[in-house]
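Asker: Handing you a structure now.
The values are calculated or read from the model by the stated rules, or taken from the named source; none is laboratory data. Computed from a predicted structure; not experimentally measured. Cβ placement follows ideal geometry from the backbone for every residue including glycine, while neighbour counts extend to all protein chains displayed.
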Amino acid sequence: MAEAALYDTYSRAPLRFERGEGVWLITENGERYLDFGAGVAVTSVGHGHPHVVGALKEQADKVWHLSNVYEIPGQEAFARRLTNATFADKVFFTNSGAEALECAIKTARRYQFSKGHPERFGIITFEGAFHGRTLATIAAGGQEKYLEGFGPKTPGFDQVAFGDIDAVRAAVTDETAGILIEPVQGEGGIRPATTEFMKALRQLCDERGLLLILDEVQSGVGRTGKLFAHEWSGVTPDIMAVAKGIGGGFPLGACLATAEAASGMKAGTHGSTYGGNPLAMAVGNAVLDVVLEEGFLQQVRDVSLVFRQGLASLKDRYPDVIEDVRGEGLMLGVKAAVPSAELLQAMRAAQLLAIPAGDNVIRLLPPLVVTPDEAREGLARLERAAETVRASAKKTA
Ligand SMILES: *Cc1c(COP(=O)(O)O)cnc(C)c1O
């Protein structure tokens with residue numbers, strides 16, 4: 001066979017999905033997989049949600065693209081709905097998570113600059129973080145495997161241990177602009193920051209004139225059973241990056257900020273050709289219709305209980321396969337007692353899709369519309385996978 005025409009950047013599973021229906025993905029051969037990855041926490045309202053598909057089709061018939069030199073249908077309304085539902089006063093729309101982070105970092109630096117502190121550009125980040133794959137966001141994430149070979153690390157990012165407030169305090173200098181954290185680390189292995197830590201960060205920011213920047217690209221838009229994960233702690237940020245679930249599968253991200261934090265971002269300081277595209281706005285508004293519907297987040301919390309009880313029971317019965325279960329809402333992590341790739345492979349054989357993460361964890365990130373019955377079906381498949389892993393461990397023993 002000729003060499004693949006694609007970059008070799010992904011090691012892809014040999015699966016070809018042709019269709020999606022709710023929490024299901026269906027291959028070309030008609031095999032049905034339970035999709036508890038949802039992309040990676042992206043298809044928040046499931047595949048082919050009629051309200052969202054309808055909104056996309058309706059907008060497609062009107063206009064696909066407009067430059068941001070004009071007012072774009074849906075942009076102002078969508079931004080207003082987001083600010084009404086959150087701490088924020090201002091929104092900038094992007095196409096991806098990394099771009100939302102870029103905007104967040106620029107907003108923080110520009111704020112300090114506009115207050116007469118151009119020297120304050122440093123951002124404190126955390127070990128195990130993931131903020132995207134642009135040159136700045138790989139520096140923010142600080143993971144060697146993503147930095148290697150791409151030239152000098154973009155300056156201005158200092159990393160400290162996750163959860164260590166003394167280390168954060170020690171890292172703050174006269175050149176620090178802000179602190180950037182995922183309230184629940186996703187790729188790092190579903191590691192939630194404690195309420196105590198979040199509060200301490202907020203207090204430190206207030207004391208030192210720093211901006212608290214949250215990366216809720218993965219944890220946001222209902223994923224943890226609140227609209228945004230930081231609501232569990234009662235701590236509000238100055239700036240927040242959002243993407244993934246907000247577009248339900250359409251490329252869409254957003255940077256949200258208070259009016260004060262965004263005060264440096266004047267006309268001409270930032271821009272995007274596609275950010276806030278009419279199709280994206282139609283879809284984002286439709287996803288938000290679903291997520292903000294009365295009782296929706298309560299349902300996420302209820303079905304989360306079904307998962308947590310089922311996972312706790314599996315952990316008790318398969319301690320040789322499952323070491324720990326953690327997370328909030330439908331952002332769940334199963335820490336494997338065997339190499340996680342083995343368990344993930346057995347899950348795939350049971351036609352259950354999930355996502356690997358750091359710390360030997362497998363992420364369960366089902367669409368937020370998953371029903372208790374579908375949750376139980378997924379747990380049954382996970383049990384089958386655990387049986388398979390146990391049996392093969394016995395064979396090799
Ligand atoms: C996925 C992710 C990003 C990057 O988003 P892209 O859309 O891939 O650029 C950033 N931060 C977190 C926490 C993520 O999960």
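Asker: In the stretch 125-169, which residues are away from the ligand (no atom under 16 Å from the Cβ), of a type outside the set (D, E) and within 14 Å of L180 (Cβ to Cβ)?
Answerer: G156, V160, V168
Asker: I've got another one for you. Return the residue satisfying two criteria in turn: it lies in the stretch 101-124 and is of a type in the set (K, R) and not in a helix (DSSP H, G or I), and of such residues it is nearest to the ligand (Cβ to nearest atom).
Answerer: That would be R120.
Asker: Mind listing whichever residues of the stretch 228-240 are away from the ligand (no atom under 16 Å from the Cβ) and out of contact with any helix residue (DSSP H, G or I) (no Cβ under 8 Å at 6 or more places or on another chain)?
Answerer: Selection gives E231 alone.
Asker: Please specify each residue of the stretch 181-211 satisfying the condition of being β-branched (V, I, T) and closer than 24 Å to R110 by Cα.
Answerer: Scanning the stretch 181-211 gives a single hit, I181.
Asker: If you check V40 against the conditions, is it crowded, with 21+ Cβ neighbours inside 10 Å and either assigned to a helix (DSSP H, G or I) or in contact (Cβ under 8 Å) with a residue 12 or more places away in the chain (or both)?
Answerer: Considered against the rule, which asks whether it is crowded, with 21+ Cβ neighbours inside 10 Å and either assigned to a helix (DSSP H, G or I) or in contact (Cβ under 8 Å) with a residue 12 or more places away in the chain (or both), V40 comes out as no.
Asker: Testing A280 on (1) out of contact with any Pro (no Cβ under 8 Å at 6 or more places or on another chain); (2) crowded, with 22+ Cβ neighbours inside 10 Å, one condition comes back false. Which one is that?
Answerer: (1)
Asker: Now, a different point. Does A139 satisfy being among the small types (G, A, S), in contact with a Pro (Cβ under 9 Å, 6 or more places away or on another chain) and in a helix (DSSP H, G or I)?
Answerer: Taking the combined requirement at face value, the residue satisfies it.
Rundown of residues vs (1) closer than 25 Å to K115 by Cα; (2) part of a helix (DSSP H, G or I), yes/no style:
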residue: L180; (1), (2): yes, no
residue: G189; (1), (2): no, no
residue: L204; (1), (2): yes, yes
residue: I213; (1), (2): yes, no
residue: G222; (1), (2): no, no
residue: L227; (1), (2): no, no
residue: V235; (1), (2): yes, no
residue: M240; (1), (2): yes, no
residue: I246; (1), (2): no, yes
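Asker: Only one of these is away from the ligand (no atom under 15 Å from the Cβ) and hydrophobic (A, V, I, L, M, F, W, C): A243, A261, A280. Name it.
Answerer: A261
Asker: Something else now. For the stretch 143-172, give me each residue that is in contact with a strand residue (DSSP E or B) (Cβ under 9 Å, 6 or more places away or on another chain), under 18 Å from C103 (Cα atoms) and surrounded by 15 or more Cβ atoms within 10 Å (Cβ to Cβ).
Answerer: Correct list: G156, F157.
Asker: A further question on this structure: Provide a single number: the residues in the stretch 246-276 that are out of contact with any strand residue (DSSP E or B) (no Cβ under 8 Å at 6 or more places or on another chain) and either at pLDDT below 95 or small (G, A, S) (or both).
Answerer: Going through the stretch 246-276 one residue at a time, the tally reaches 6.
Asker: Determine whether the stretch 86-100 contains at least one residue that is surrounded by fewer than 23 Cβ atoms within 10 Å (Cβ to Cβ), part of a helix (DSSP H, G or I), more than 16 Å from the ligand (Cβ to nearest atom) and assigned by TED's automatic domain parsing to the domain that holds Q159.
Answerer: Taking every residue of the stretch 86-100 in turn, none turns out to be surrounded by fewer than 23 Cβ atoms within 10 Å (Cβ to Cβ), part of a helix (DSSP H, G or I), more than 16 Å from the ligand (Cβ to nearest atom) and assigned by TED's automatic domain parsing to the domain that holds Q159.
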